[in-house]
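Here the structure comes first, spelled out in structure tokens, and everything after it is commentary.
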Amino acid sequence: METFRRLFIVAALAGLISGIFITFVHQVSTTQLILAAEVYETAGEPAEAAPATDPAASAEGTTHTHTDGLAHEHSAEAWGPADGLERTLYTGLADILTGIGFSLLLVAAYRIWGGQMTWRTGLYWGLAGFAAIVASPNLGLPPEVPGTEAAPLLDRQIWWVATAVLTAVGLALIFLGKRYWWAALGLALIVLPHAYGAPQPAEHVSLAPEALAHRFIVAATIVGLLFWAVLGAATGYFYNRVFKDVAA
């Protein structure tokens, strides 16, 4: 129980620092691009031809058919945080919770590994986390701005999780394995999901300009790199401080 308490303290401190840091980075990078893309997404949604005559339909939302022949339902009660301070606060909360969650994974890995941890060692682990969670999945499923047609959500989630897990295991085999064939197996695991291929939509359609979508991919990748670098260094530093009196 004492070990778990210390691990949670490390994860909470590192997650809080990395979450607050990346929230500010989001505000000057990806958030601005998302807001710009939402302008195109809103402009691309056709207005209703006529108001609904059924009070129940008005309360529950409306359904219409776009020019692509597909029926779309719009909820009249759809909620989202208002632009400005409210949106920033929700983004910050999500970033902090994400940071704590990934910090728990890192510190658990540190404990299982059992080696000496410093901020520099943690940085290396953070870069490995970036490769597994951001870089490798982005090769098949790059970040998308609002208004972009995508493959079915469940298919994308399954491929993303499989890619992240296989990449993490592959990197562990390459860098922590003691046999050459372990490294070969690790490389094969990293390549496997990309050889299989990520799920793709029937047609690639984006309401936002291609240049904006490309800028978002680059910005999101850089933000991911910064997040994992800070997260790794912070977890390594606090882990060393909190567990310095405990034998590995």
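Do we have any residue at all in segment 231-240 that's among the polar types (S, T, N, Q), surrounded by fewer than 18 Cβ atoms within 10 Å (Cβ to Cβ) and closer than 22 Å to Ile112 by Cα? Outline the logic, then answer.
Residues of segment 231-240 among the polar types (S, T, N, Q): 235, 240.
With the extra rule that they be surrounded by fewer than 18 Cβ atoms within 10 Å (Cβ to Cβ), the set shrinks to 240.
Keeping just the survivors that are closer than 22 Å to Ile112 by Cα gives 240.
Yes - at least one qualifying residue is present in segment 231-240.
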Pair list, Cβ under 7 Å, 6 or more apart: segment 123-139 residue closer than 14 Å to Ile190 by Cβ, other residue open to solvent by 40 Å² or more (accessible area, probe 1.4 Å) and small (Gly, Ala, Ser): Ala132/Ala168
Residue within segment 223-243 that is part of a helix (DSSP H, G or I) and over 27 Å from Ala108 (Cβ atoms) present: no
Matching option when the condition is open to solvent by less than 60 Å² (accessible area, probe 1.4 Å), within 30 Å of Ala43 (Cβ to Cβ) and in a helix (DSSP H, G or I), among Ile190, Ile217: Ile217
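Show me the helices (runs of 4 or more DSSP H) found entirely inside segment 117-186 where at least 3 residues are within 30 Å of Ala43 (Cβ to Cβ) and open to solvent by 80 Å² or more (accessible area, probe 1.4 Å). Let's see the steps before the verdict.
Values: elements: 119-130, 136-140, 153-176.
Filter on segment 117-186 gives 153-176.
For segment 120-149, what are the residues that are over 30 Å from Arg241 (Cβ atoms) and among the hydrophobic types (A, V, I, L, M, F, W, C)?
Going through segment 120-149, the residues over 30 Å from Arg241 (Cβ atoms) turn out to be 136-149.
Leu139, Leu141, Val145, listed by residue number.
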Meets criteria (of a type in the set (D, E, K, R), within 22 Å of the chain's Cα centre (by Cα) and more than 30 Å from Arg6 (Cα to Cα)) for Arg179: no
Hits in segment 85-116 - residues which are surrounded by fewer than 18 Cβ atoms within 10 Å (Cβ to Cβ) and among the hydroxyl-bearing types (Ser, Thr, Tyr): Thr88, Tyr90, Thr98
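Can you tell me which residue among Ala82, Ala49 is at pLDDT below 90, open to solvent by 60 Å² or more (accessible area, probe 1.4 Å) and part of a loop (DSSP other than H, G, I, E, B)?
Unique residue meeting the criteria: Ala49.
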Filter result (in a helix (DSSP H, G or I), touching a helix residue (DSSP H, G or I) at 6+ places or on another chain (Cβ under 8 Å) and either over 18 Å from Val165 (Cα atoms) or β-branched (Val, Ile, Thr) (or both)) within segment 193-214: Leu212, Ala213
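The values are calculated or read from the model by the stated rules, or taken from the named source; none is laboratory data. Keep in mind that what you see is a predicted model, and the values were worked out from it rather than measured. A quick note on method: Cβ atoms are made from the backbone with ideal geometry, for glycine too, and the neighbour counts reach across all protein chains shown. To get the accessible areas, we keep the full protein, side chains included, count just its heavy atoms, and leave off ligands, DNA and RNA. Shrake-Rupley method; radii C 1.70, N 1.55, O 1.52, S 1.80 Å.
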